[in-house]
Structures are given as structure tokens and as C-alpha cells.
1. Scan the stretch A:59-93 for residues that are more than 7 Å from chain B (Cβ to nearest Cβ) and either closer than 28 Å to B:Asn180 by Cβ or not in a loop (DSSP other than H, G, I, E, B) (or both) and report the count.
2. Scan the stretch A:138-184 for residues that are among the aliphatic types (A, V, I, L, M), closer than 30 Å to B:Pro121 by Cα and not in a helix (DSSP H, G or I) and report the count.
3. Which of the residues spanning the stretch B:55-93 are within 9 Å of another protein chain (Cβ to nearest Cβ) and part of a strand (DSSP E or B)?
4. Could you identify the single residue in B:Ile106, B:Ile132 that is part of a strand (DSSP E or B), more than 7 Å from chain A (Cβ to nearest Cβ), under 30 Å from A:Pro165 (Cα atoms) and not polar (S, T, N, Q)?
5. List the residue pairs whose Cβ atoms are under 6 Å apart, where the first residue sits in the stretch B:159-175 and is closer than 11 Å to A:Glu51 by Cα, the second is at pLDDT 85 or above and of a type in the set (Asp, Glu), and the two are 6 or more positions apart or on different chains.
6. If you scan the stretch A:152-170, which residues turn out to be more than 7 Å from chain B (Cβ to nearest Cβ) and either touching a residue at least 12 places away in the same chain (Cβ under 8 Å) or within 24 Å of B:Tyr111 (Cβ to Cβ) (or both)?
7. Could you tell me whether the stretch A:147-166 includes any residue that is modelled with pLDDT under 95 and of a type in the set (Val, Ile, Thr)?
Amino acid sequence: MLKLVSHLNSAFSRNLHISAPLSGSVFMKRQKKVDPEVAKVREARKRKKLEREIRDMQKHSKKSKPVEELTIDVRRAKNLPERIREMPVISEEKAEERALILKEYSKFAHQQRLADEKWLKESIKRQNAALKELKRVSPDLYNAAIQLDQNLLPFHFKGPSLTPPIKGYVSPDGEYVDTTKSWT
Amino acid sequence: MSLLKSLTSNTVQKRLFASLRDKAPKITPQELYEPVFEDSKVYPEYSTINVRLQSYNFVPLEKYEGYVHRIAKKFKFEIVDCYAVAAQTQNIQTYKPNSTVVDSEIELSKYDRTVRISQVPSIRLPLFISLIQTHAPIGIEITVKEHEKVDEDNRYIPDLMLKEKQLELKALDDPAIRRNLGWE
């Protein structure tokens with residue numbers, strides 16, 4: 001716009017009156033003539049200000065979504081003394097029985113863990129040995145075997161259910177309503 | 001005498017004693033000014049992996065998260081982070097048979113725990129997954145996947161003001177707005 005104006009000025013210096021919106025439409029705002037240097041400085045300042053604000057916000061920005069099970073419910077913490085119960089009295093025989101079961105269980109759990117660790121050690125040893133042999137036999141196959149498996153991830157697995165499917169179970173009608181809090 | 005020797009044998013005298021030059025340590029140009037630390041990693045590794053555990057039952061979930069963490073330590077993976085994410089809550093309404101009268105309302109929350117591991121060699125990951133599967137408790141859902149930016153961002157509350165400011169900054173580069181600045 002400014003270039004056109006300056007050109008016209010040089011060509012017809014005395015003949016033409018040029019005012020800012022040449023088309024002269026009623027709907028165009030009257031544009032104030034802004035000195036380009038001032039505008040440049042203004043833009044640079046605005047940019048700097050925005051960048052500084054963004055940086056400051058990013059410092060304090062990360063608020064993690066509250067995990068309810070890890071927070072203390074203030075209302076219930078206050079009346080906690082009201083809700084303390086006494087431990088029930090267990091007879092000696094029962095206490096002995098429980099202690100014996102606990103011993104057996106810990107023995108079993110310990111054996112499980114030993115078996116797992118043995119399995120792990122063995123597996124790693126065998127993997128290393130097999131790969132070493134493969135490398136010796138065929139380097140191409142070895143390189144292919146070492147590559148990251150693309151089909152493995154993402155891996156989804158559901159743990160076992162409490163009971164096998166109940167025969168003849170009639171599930172009731174109903175609705176699932178998702179009440180998860182969304183923060184957008 | 002030497003002529004006879006050269007006629008009868010084609011052997012050349014070999015000196016098997018090391019010369020002083022041979023005894024000197026051979027230095028490659030890389031290790032001239034710095035010692036060389038060799039990378040002991042033989043197999044290619046996955047970048048960060050998220051092991052996500054979800055369950056409606058809280059106690060086994062927490063115990064299992066601890067178990068996964070311990071197993072990852074046994075495998076000598078690097079454990080980056082071990083965190084909880086806000087639970088997904090559902091409101092379930094069951095209806096009485098053959099009607100829409102609400103029989104019961106149940107509030108369920110699906111708790112969410114994640115163990116983030118890195119430096120996982122390609123061949124050890126299947127072993128890790130099979131061990132974890134074997135000990136999966138009742139009612140758990142395991143998802144093993146590679147880490148993405150979205151996974152990290154979902155932990156935090158999105159900051160709308162920050163987003164607005166960033167959009168404004170980006171808008172300064174928009175040609176339509178740059179024209180209105182007045183100096184181009």
C-alpha cells in the first residue's frame with residue numbers, strides 16, 4: 001500500500017489526491033498511518049512479553065490430576081477417632097491354626113520365589129548361549145534374531161477371573177454411565 | 001658352510017623374541033588423550049516402555065505393582081517412574097427385570113498404576129512379560145506399550161491459559177495478522 005502511494009507520488013506529484021482507503025468503502029475502518037519502525041518495535045515487545053509469560057506459566061504449569069485414593073479426605077480424617085474399632089478377641093486354638101497356615105503359606109511363597117529366580121537365571125543363561133551359537137553359525141540369522149520385535153508391543157493381557165463363566169447366568173438390564181472427571 | 005645350509009634347507013631364521021618395539025602398548029588415536037570406555041550393551045534396546053496395570057480391586061493392584069517393580073529390578077531394567085493416574089469412575093444402574101425401575105446404583109472406580117522402564121534389551125522383554133503374566137492377580141488388565149508423549153500429558157491437568165498464550169504467539173506468524181501490524 002505504501003509502495004503504491006510513494007510511486008504515485010513520484011509520478012503525479014501535483015495531480016492526484018490520495019487518501020488512505022482508496023476504494024472509499026463505508027465498511028473499511030479508517031486505518032491510522034503507523035510508522036513502520038514503531039510498529040516493528042511494538043511487535044518485538046509483544047512477542048517478548050508473550051514468550052516470557054509462556055515461560056513463567058510453564059514453570060508453574062504442571063499440576064497432576066489428583067488421585068483420590070492417595071489423598072486424605074479431610075472431612076473423614078476429622079472424625080476418625082469416632083470410627084476406631086477394637087480388635088476382636090481370637091481364641092487360642094484359632095490363633096494357632098492361623099499361625100500354622102501362615103507358616104505354610106510363607107514356605108510355599110518362598111519356594112515359588114526361588115523357583116522363579118532359578119527359572120530366570122536359567123533362561124538368561126540359555127538365551128545367551130543360544131545366541132552365541134547362532135552368531136557362530138550364521139551372522140545374518142543372529143542379526144535378525146536380535147532385532148526389536150514389532151509385533152510384541154502393544155501387549156494387552158487380562159488376568160484370570162475369580163470363577164469360570166457361570167452356567168445359566170442371567171445378567172440384569174442396566175446402564176453404564178461414565179462419570180470420570182474430564183479436565184478439558 | 002652357508003652355501004651348504006642354503007642348499008639343504010629353505011628355511012629362514014626366525015627370531016621369536018619380542019623386540020622392544022613390539023613390547024610397547026599399541027595406542028589407537030582415540031585413546032591417546034582419553035581412556036576408552038567400552039559400551040557393554042550387546043543387544044539392541046527398546047526405548048521407554050510403559051507397563052500399565054488397571055483393576056477394580058485396589059489391594060491386589062498395589063501389591064502387583066510392587067511385584068512388577070521388583071521383577072524389573074531383577075532383570076536389571078532401569079525403572080524411570082512408578083506412578084498412579086486418576087481412576088476412571090463409572091456409575092452402574094441395574095434395572096428390575098422387565099422394567100426401567102432402578103434396582104441398584106453402583107459406583108465403581110477402575111484404579112490405574114504404571115511402571116515405566118527403559119534400557120530393555122530386545123530379547124529380555126518376552127521373558128519379562130511371560131513372568132508377569134504367570135503371576136497376574138485376579139481381575140487385572142495389563143497393557144505393555146511403548147511410551148508416547150500423550151501418556152505423559154494425560155497425567156496432568158491441561159492448562160488452558162498456557163495454550164491460549166501459545167496460540168497467540170503462533171498467530172503472530174500468521175500472514176493475515178502480520179499485514180495488520182503495519183510494517184511489512
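1. The number of residues fulfilling the criteria is 13.
2. Total meeting the criteria: 3.
3. Answer for the stretch B:55-93, where residues must be within 9 Å of another protein chain (Cβ to nearest Cβ) and part of a strand (DSSP E or B): B:Ser55, B:Tyr83, B:Ala84, B:Val85, B:Ala86, B:Ala87, B:Gln88, B:Thr89, B:Gln90, B:Asn91, B:Ile92, B:Gln93.
4. B:Ile106
5. B:Lys165/A:Glu53
6. Selection gives A:Thr163 alone.
7. Yes; the residues of the stretch A:147-166 include at least one that is modelled with pLDDT under 95 and of a type in the set (Val, Ile, Thr).
Residue by residue, here is whether (1) surrounded by 14 or more Cβ atoms within 10 Å (Cβ to Cβ); (2) under 18 Å from A:His156 (Cα atoms); (3) under 13 Å from the mean Cα position of the chain (by Cα); (4) touching a residue at least 40 places away in the same chain (Cβ under 8 Å) holds:
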| position | (1), (2), (3), (4) |
| --- | --- |
| B:Thr48 | yes, yes, yes, yes |
| B:Tyr64 | yes, yes, no, yes |
| B:Arg70 | no, no, no, no |
| B:Val80 | yes, no, yes, no |
| B:Asn91 | no, no, no, no |
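The values are calculated or read from the model by the stated rules, or taken from the named source; none is laboratory data. Please read these numbers as outputs of a predicted model, since none were measured by experiment. Cβ coordinates were reconstructed from backbone atoms using ideal geometry, including for glycine residues, and neighbour counts include every protein chain displayed.
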